[in-house]
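The structure appears below as structure tokens.
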Amino acid sequence: MKWEIGGIETWPWSRHPLGLAGLAPGNSVLVRTGNWRSQRPVWEKERCNSCLLCFIFCPDAAVVVKEGKMAGIDYEHCKGCGICATECGRKALRLVDEHLVQE
Ligand code: SF4
Ligand code: SF4
């Protein structure tokens, strides 16, 4: 299944399906949910077919999409919930303990 999200960067709010209600919208730059992550999803680009299921399911909008394709994870905001890794049918995302990650 392939999602048609071409030009999503320019979509008005009315094109997005109803999600959650933010009480203080627009503060995600300040709230870095990645600070309390104990595990992170590691992306294996070679396995990925850019189906973007991970983008759809990520509750933190931490899956980065560029030109309609999966482009990586925003670790400033990824909280390590693992939903993306669970939903990825190609096993292109796997959770790794933070203390085992070498940057
Ligand atoms: S990482 Fe998995 S779920 Fe995400 S776009 Fe790639 S194949 Fe799809
Ligand atoms: S682990 Fe959770 S917050 Fe991080 S990218 Fe995946 S779905 Fe989003």
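The values are calculated or read from the model by the stated rules, or taken from the named source; none is laboratory data. From a predicted model like this one, the values you see are computed outputs, not experimental measurements. Using ideal geometry, Cβ is built from the backbone for each residue, glycine included, and neighbour counts are taken over all protein chains shown. Areas reflect the complete protein model, heavy atoms only, side chains present, ligands, DNA and RNA absent. Shrake-Rupley method; radii C 1.70, N 1.55, O 1.52, S 1.80 Å.
List of remarks:
- Filtering region 63-79 to residues that are within 7 Å of ligand 2 (Cβ to nearest atom) and at pLDDT 95 or above leaves V63, I73, C78.
- When the test is whether a residue is over 16 Å from the mean Cα position of the chain (by Cα) and within 16 Å of F57 (Cβ to Cβ), L18 passes it.
- Identity of the residue in region 75-90, more than 8 Å from ligand 1 (Cβ to nearest atom) and not small (G, A, S), that ends up least open to solvent (accessible area, probe 1.4 Å): C78
- Failed condition for K45, given (1) more than 14 Å from L93 (Cβ to Cβ); (2) exposed (fewer than 12 other Cβ atoms within 10 Å of the Cβ); (3) of a type outside the set (F, W, Y): (1)
- Any hit, region 20-38, residues being in contact with a helix residue (DSSP H, G or I) (Cβ under 9 Å, 6 or more places away or on another chain) and open to solvent by less than 70 Å² (accessible area, probe 1.4 Å): yes
- Pairs where the first residue, in region 86-103, is at positive phi and in contact (Cβ under 8 Å) with a residue 24 or more places away in the chain and the second is in a loop (DSSP other than H, G, I, E, B) and surrounded by 10 or more Cβ atoms within 10 Å (Cβ to Cβ), C-beta under 9 Å, 6+ apart: K91/E44
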